[in-house]
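**Student:** Sending over a structure as structure tokens; questions will come in a sec.
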Amino acid sequence: MNNMLLKHSFIELNAREKAAAILDPDTFREILGPFDRIESPHLAPQGIVPQSDDGVVIARGLINGASAVVIAIEGAFQGGGIGEVSGAKIAGALEQALEDNEEGIRTKPVLLLETGGVRLQEGNFGLLATAEMQAAIVALRRYVPVVGVVSGMIGCFGGMSITSALCTALIMTRQGRLQLNGPEVIEQEAGIQEFDSSDRPFIWSTAGGEQRFATGMVDTLVRDDVAEIYQAVRDACQRDVPLEARSSQVERFLSRLAVIDPSAPLDASRLRALWGRDQEQKVSPTDERIRELEEVWRQTESKDRSRGRTWFEALTGVTKPEKAGAPSVLCADASLGEESVRYIAVVPNAKNRFPRARHGEVGLDEGWTIARYVRDAIKADEHGKRRAIVAIVDVPSQAYGYREELLGIHLACAAAADAYASARLAGHPVIAFLVGNAISGAFLAHGLQASRILALDDPGVAVQVMSRTSAARVTRRSIEELEEAAKKLPATAYDIRSFSSLGSLHELLADVSADEPAQSDIENVQSKLKNAISETRDTTRDLSRRLTSDHARKGRAASIEVRVRMAEQWNC
């Protein structure tokens, strides 16, 4: 047996030791290790000492004698944060594993997740990389199990919690934590009465491994023991595929949300009584329970104005869309030339049953409703021409709240991202049209899995990982210091032109009235959408195009270099 198994605690190992402990004995081979010296070019200019592996270990080897790749994040470096290089290493390794599987080599990926999410000092670099690794996971699941492990005291947060929720199998220890928004960020955004970031027992009861396992959000609960985790990974890798991933079980989780009354007291023990593993039969999907939830949604509708609603109505001509989901998610089908298009927008709803999602945030109901609308289109078009799907993006953030974390907002966001990625892989042209804010996990859920991204060239369109106030608190900088850094590093800026310089935009639309579009503005946008849909039908179904534009060759040079060098070393 592997010598690393002599060390009882898995948590106490560093990332390199963890990767070696997971693989079959004497099969560990590191790719892009520290002696390759591919480090982040963005940290030193900000006064941060970089690390020569950028905090991510990629190890090829065998698991149960079969080809595998272990991706281990080093939580001791920058809190396991995802930047351009570290993100490209993870996404690139998953893409190489996908290529193996497409060629008949069943390389199985394992992710060891000790991460606070996107590295704020690199902003949109990390956001884009996170979307790319999520796209690769959804594609990989068709061939082999994708296994995630959340073991240590840092846990798995931010966009990476969404990534974890896309895995075929998820393993946790009691010490691990899994949630979208960090405690300090929730306290900053919603107040200490909503979430006390100093109350450690409260935090672990909300998002710790024991609670996540008890309420069905992870598959296996293990002790902090190398041998036990070693075996759990092997068992997970033996699963047959394709399996229905947790993030694709829309009706199951809508049924679970149907038994939740947001106005009633709720804590960890009460949720176990409602959603516990011994209660699974009581929250299994039923038409009656879903109808009850739909009736609640019908009674909690308002028509608050927003850019998202304005452009939804302008592009569809529909002011009263059919309601098969949360009223804060608008959905309608409309013709665009010879194309049939499903438009989806998230909008404010002052009567939202979850108070923390009343201003256009992507919350629990919103994530699962988006997934429902997208998957309905996939199913309906299974044997015919795949309609296009346009995500109209105007989302200030994901919802920040205690109930949101307890009930698994990371999984709701993953469900939406999973649905969009699955639609793209099934042949649906998926287009994101940015008309307002596109922030953080909300953008990962609603927009970043698109085949093409179009945006209005307008000061009100912003893309970033976190609000300025929260980013300042987390990085211990002033807002003025953040803005000064953004002048030197476009990935940390909020404006759409800076985001465009990274190469992921298909087109930036100038001279369009964002708030009060005239008929000529609407026709201009429709023409651009039509062209994007047409181009998408004739190209690959992955996100690789984001790294081939002229802007990307300059703006994401490190992302490209990492992938080139990883491909060179993959089979050496």
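The values are calculated or read from the model by the stated rules, or taken from the named source; none is laboratory data. Predicted model, so just to flag it, every value in this text is computed and none were measured. All Cβ positions, even for glycine, are placed from backbone atoms using ideal geometry, and neighbour counts span all protein chains on display.
**Student:** Examine region 414-430 for a residue that is farther than 28 Å from SER534 by Cβ and buried (at least 24 other Cβ atoms within 10 Å of the Cβ), and state whether such a residue exists.
**Tutor:** Yes, the conditions are met somewhere in region 414-430.
**Student:** Give me the helices (runs of 4 or more DSSP H) completely within region 261-356, filtered to those with at least 3 residues that are within 23 Å of ILE409 (Cα to Cα), ordered by residue number.
**Tutor:** 268-275, 287-298
**Student:** Based on this model, can you work out whether GLY447 counts as outside any helix (DSSP H, G or I) and surrounded by fewer than 24 Cβ atoms within 10 Å (Cβ to Cβ)?
**Tutor:** no
**Student:** Further question on the same structure: Tell me yes or no: at least one residue of region 338-350 is on the phi > 0 side of the Ramachandran plot and in contact (Cβ under 8 Å) with a residue 60 or more places away in the chain.
**Tutor:** No: region 338-350 contains no residue that is on the phi > 0 side of the Ramachandran plot and in contact (Cβ under 8 Å) with a residue 60 or more places away in the chain.
**Student:** Tell me which residues, restricted to region 450-465, are buried (at least 20 other Cβ atoms within 10 Å of the Cβ) and farther than 19 Å from PRO348 by Cα.
**Tutor:** Residues satisfying the conditions are ALA450, SER451, ARG452, ILE453, LEU454, ALA455, LEU456, ASP458, GLN464, VAL465.
**Student:** Kindly establish whether LEU489 is at pLDDT 95 or above and not charged (D, E, K, R).
**Tutor:** No: the conditions fail for LEU489.
**Student:** Among helices (runs of 4 or more DSSP H) lying entirely in region 103-218, which contain 2 or more residues that are polar (S, T, N, Q) and either crowded, with 23+ Cβ neighbours inside 10 Å or at pLDDT 95 or above (or both)?
**Tutor:** Because the criterion is at least 2 residues that are polar (S, T, N, Q) and either crowded, with 23+ Cβ neighbours inside 10 Å or at pLDDT 95 or above (or both), the helices (runs of 4 or more DSSP H) in region 103-218 that meet it are 124-140, 159-165, 200-207.
**Student:** Here's something else I'd like to know. Being among the acidic types (Asp, Glu) and assigned to a helix (DSSP H, G or I) is the filter here; which residues of region 455-504 pass it?
**Tutor:** If the condition is that a residue be among the acidic types (Asp, Glu) and assigned to a helix (DSSP H, G or I), then GLU480, GLU481, GLU483, GLU484 are the ones that fit.
**Student:** Would you pick out the residues in region 26-53 that are of a type outside the set (Val, Ile, Thr), assigned to a loop (DSSP other than H, G, I, E, B) and out of contact with any Leu (no Cβ under 9 Å at 6 or more places or on another chain)?
**Tutor:** If the condition is that a residue be of a type outside the set (Val, Ile, Thr), assigned to a loop (DSSP other than H, G, I, E, B) and out of contact with any Leu (no Cβ under 9 Å at 6 or more places or on another chain), then ASP26, PHE28, LEU32, GLY33, ARG37, GLU39, SER40, PRO41, LEU43, GLY47, SER52 are the ones that fit.
**Student:** Determine if region 60-67 includes at least one residue that is within 24 Å of LYS488 (Cα to Cα) and either buried (at least 19 other Cβ atoms within 10 Å of the Cβ) or of a type in the set (Val, Ile, Thr) (or both).
**Tutor:** no
**Student:** Looking only at region 470-519, count how many residues are over 27 Å from ILE533 (Cβ atoms) and of a type outside the set (S, T, N, Q).
**Tutor:** Total satisfying the criteria: 21.
**Student:** Give me a count of the residues in region 173-210 that are without any contact (Cβ under 8 Å) to a residue 60 or more places away in the chain and either closer than 23 Å to ALA471 by Cβ or touching a Lys or Arg at 6+ places or on another chain (Cβ under 9 Å) (or both).
**Tutor:** 16
**Student:** Looking at this structure, is ALA442 of a type in the set (Gly, Ala, Ser), out of contact with any His (no Cβ under 8 Å at 6 or more places or on another chain), under 22 Å from ILE82 (Cβ atoms) and not assigned by TED's automatic domain parsing to the domain that holds ALA414?
**Tutor:** Considered against the rule, which asks whether it is of a type in the set (Gly, Ala, Ser), out of contact with any His (no Cβ under 8 Å at 6 or more places or on another chain), under 22 Å from ILE82 (Cβ atoms) and not assigned by TED's automatic domain parsing to the domain that holds ALA414, ALA442 comes out as no.
**Student:** Name the single residue that is modelled with the lowest pLDDT among those in region 295-313 being more than 24 Å from ALA438 (Cβ to Cβ) and more than 26 Å from the chain's Cα centre (by Cα).
**Tutor:** Among those that are more than 24 Å from ALA438 (Cβ to Cβ) and more than 26 Å from the chain's Cα centre (by Cα), it is GLU301.
**Student:** Next up: Can you pull out every residue in region 381-413 that is within 22 Å of GLU251 (Cα to Cα), surrounded by fewer than 24 Cβ atoms within 10 Å (Cβ to Cβ) and in contact with a His (Cβ under 8 Å, 6 or more places away or on another chain)?
**Tutor:** ASP381
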